[in-house]
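Everything below concerns the one structure shown next.
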Amino acid sequence: MTSPQVAPSPVLLTLQSDALRAGLRVRDGAGYVRVRSGVYAPRDAWGCLTPWERYRARVHAFHCKHPDAVLALESAAAVLGLPVFGEPRDIHAYDPARASSRRFGDVCVHTSTESKPVESRDGMLMTSTAATAVDLMRVLPPAFGLAVADAAVSAQRADAASVDLLREFAGSQANRRGSARLSLLFPLVDPRAESAGETVSRAVIVWLGYEHPEPQVVFVAEGARDRVDFFWRRASVIGESDGYGKYLGTDEAEIVRRVIDEKQREDRLRRQVRAFARWDWRATMLVDPLNERLGRAGVPRQRPAQRALLATLRRNPRSLPR
């Protein structure tokens, strides 16, 4: 098995010093945008990036200027391919030699009373997948922390950790910050989740008081094998958390074909169950639209809604405002 690689910068970065040596001039406003002091990106390409892609580019720009720094928290997650929500405010680095943590502009340098495992990939240093996941479980809004943990233990990852490894790392830390949050999240971690949207949906479903769904159930009928995000067997209800990537294609004909294929898949599944509910990221984050779809489909409710946990979806204080 090849060693896992880091997620590359989503946009071409140019160091001003390299450009000058090549006889080129790059500066903010002349077709370029300044990503970091001395590091620039093409303005048109930068404008097309999603918030989380902009953050990953910022992390790579930081690495260009500080190649020996050990990335941590969201910065490590960005290059490890773990979920990043919105555009985090800060770049995070880990320096065990420091006596205390410190901020330098938008760079937070963290230390720790216990050493954290550090990995090197493609010339970049970062805290390990397990350490990164546990650190983020402690500080992110709970549903987002759960999504990072699910991704870290996913069987789809070449460097997948195990839930036991995450627990072991968490238990080895003297720092008790976020320990209550870890106790809440660890029973919910599931390596079968295939996307952050799916994990956050599952958290909202549980906190709304609905019965826990079975993830990734396969239906075989009409010559096809269809795997669904969620299934409530007792109620005979399928739930699907929509990611729009499935509808994207290289040309109009391919997009049409994908939409038709998905419509035929949904019709095939509807013929096998009593009800079918579908929602997207916006419905999940607003909570009430997802609640309405689940209630209308007849998903069993087992307990009162946990409003305090649902309220944490409203804002991620670690990300820039939209």
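The values are calculated or read from the model by the stated rules, or taken from the named source; none is laboratory data. What you are looking at is a predicted structure, and each value in this text was computed from that prediction instead of being measured. Neighbour counts run over all protein chains shown; Cβ positions are idealised from the backbone, glycine included.
One table, with the values for the structure above:
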| quantity | calculated |
| --- | --- |
| Filtered residues of the range 177-211 (kept if outside any helix (DSSP H, G or I), touching a residue at least 40 places away in the same chain (Cβ under 8 Å) and out of contact with any strand residue (DSSP E or B) (no Cβ under 8 Å at 6 or more places or on another chain)) | G178, V189, P191 |
| Whichever residue in the range 132-159 is among the aliphatic types (A, V, I, L, M) and modelled with pLDDT under 95 and, among such residues, is farthest from R58 (Cα to Cα) | A155 |
| Strands (runs of 3 or more DSSP E) fully within the range 41-126 counting 2 or more residues that are farther than 26 Å from A158 by Cα and not aromatic (F, W, Y) | 102-104, 107-110 |
| Within the range 37-69, considering residues that are within 22 Å of R121 (Cβ to Cβ) and acidic (D, E), the one farthest from the chain's Cα centre (by Cα) | D68 |
| Near pairs, Cβ below 8 angstrom, 6+ apart or cross-chain, from the range 297-312 (under 11 Å from E211 (Cα atoms)) to any residue that is surrounded by 14 or more Cβ atoms within 10 Å (Cβ to Cβ) and of a type in the set (D, E) | V299/E211; P300/E211; R301/E211; Q302/E211 |
| Selection from the range 127-175 of residues that are of a type outside the set (S, T, N, Q) and either outside any helix (DSSP H, G or I) or in contact with a Cys (Cβ under 8 Å, 6 or more places away or on another chain) (or both) | L140, P141, A155, R157, A158, D159, A160, A161, A174 |
| For R102: the one exception among (1) in contact with a helix residue (DSSP H, G or I) (Cβ under 7 Å, 6 or more places away or on another chain); (2) at pLDDT 95 or above; (3) of a type in the set (D, E, K, R) | (1) |
| Subset of the range 151-166 that is buried (at least 22 other Cβ atoms within 10 Å of the Cβ) and more than 13 Å from the chain's Cα centre (by Cα) - its residue that is nearest to S195 (Cα to Cα) | A161 |
| Selection from the range 95-131 of residues that are surrounded by 18 or more Cβ atoms within 10 Å (Cβ to Cβ) and within 15 Å of V59 (Cα to Cα) | C108, V109, M124, L125, M126, T127 |
| Subset of the range 232-245 that is free of Cβ contacts under 8 Å to residues at least 40 places away in the same chain and under 15 Å from A277 (Cα atoms) - its residue that is surrounded by the fewest Cβ atoms within 10 Å (Cβ to Cβ) | R233 |
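Matching residues to (1) over 18 Å from P8 (Cα atoms); (2) out of contact with any Pro (no Cβ under 9 Å at 6 or more places or on another chain); (3) outside the structural domain of R307 (by TED's automatic domain parsing):
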{"position": "A45", "(1), (2), (3)": "no, no, yes"}
{"position": "S120", "(1), (2), (3)": "no, yes, yes"}
{"position": "M137", "(1), (2), (3)": "yes, yes, yes"}
{"position": "L140", "(1), (2), (3)": "yes, yes, yes"}
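Quick grid of which residues meet (1) out of contact with any strand residue (DSSP E or B) (no Cβ under 7 Å at 6 or more places or on another chain); (2) farther than 21 Å from F169 by Cβ:
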| site | (1), (2) |
| --- | --- |
| A76 | no, no |
| V79 | no, no |
| L82 | yes, no |
| E87 | no, yes |
| R102 | no, yes |
| C108 | no, no |
| M126 | no, no |
| A133 | yes, no |
| L140 | yes, no |
